[in-house]
Amino acid sequence: MIGMIVYSFAWRKKGDSPCNIRLALAAKKIAEAQSDTVVIVAQRTTAKILRSYGIACQSVTRQPGYEGSEEPTRQAANIFRQAGITKVIPIAQPCLQLTKCIGLIRKQGFATPSFWRLVRIIGWIGFDRQSVQPATRDPFRLVWYAGRQILCGCRPPVEQSEP
């Protein structure tokens, strides 16, 4: 068995972000190409889209505070350990988010494909100017957010976390 974590990127209050649709489509394509059983854990927005495509997945449970990529990774790691999974495929925005997610997953003790292999199979995810989360609206804001997060631990307000 292989694990897959499908992260969300660029949440909208109304409707689905094109970024999350592309993430869900990438996850569907990658899961269907595996010869092994894939256990998928997804953030709520991408889980809803995956289910609409007929892909079975478990959804990350909402926790207090801004969950970022850390909480989905933590919850998925617990599920994967119980299932005896040792290899995990992260599906995330290749621009900065994927690097962080690979690190979080490996820190939990799981093997992942290389960054470059993942970039090739995930493809372009893009940005969403209509996102509630300013950091996901364009690459410049994402770099600014990532820098602030790395240097001083800044986190967005809870209102910017998907419900």
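The values are calculated or read from the model by the stated rules, or taken from the named source; none is laboratory data. Just so we're clear, the structure is a prediction, and the values are computed from it rather than from any experiment. Cβ placement follows ideal geometry from the backbone for every residue including glycine, while neighbour counts extend to all protein chains displayed.
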Cβ-Cβ below 6 Å, separation at least six or inter-chain, first residue in segment 100-120 and more than 21 Å from residue 67 (Cβ to Cβ), second among the charged types (D, E, K, R) and assigned to a helix (DSSP H, G or I): which pairs? none
Would you pick out the residues in segment 126-151 that are within 15 Å of residue 93 (Cα to Cα) and either of a type in the set (Phe, Trp, Tyr) or in contact with a strand residue (DSSP E or B) (Cβ under 9 Å, 6 or more places away or on another chain) (or both)? 127, 140, 145
Can you spot a residue in segment 86-99 that is assigned to a loop (DSSP other than H, G, I, E, B), more than 13 Å from the chain's Cα centre (by Cα) and more than 23 Å from residue 10 (Cα to Cα)? yes
For residues that are at pLDDT 95 or above and surrounded by 15 or more Cβ atoms within 10 Å (Cβ to Cβ), tally how many sit in segment 84-96. 9
Identify, by number, the condition in (1) out of contact with any strand residue (DSSP E or B) (no Cβ under 7 Å at 6 or more places or on another chain); (2) not in a helix (DSSP H, G or I) that residue 3 doesn't meet. (1)
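Each row is one residue, and each column tells you yes or no for (1) of a type in the set (Lys, Arg); (2) at pLDDT 95 or above; (3) farther than 18 Å from residue 19 by Cβ.
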| position | (1), (2), (3) |
| --- | --- |
| 29 | yes, yes, no |
| 32 | no, yes, yes |
| 41 | no, yes, yes |
| 53 | no, yes, no |
| 58 | no, yes, yes |
| 63 | no, no, yes |
In segment 111-163, the residues that are outside any loop (DSSP other than H, G, I, E, B) and of a type in the set (Asp, Glu): 159
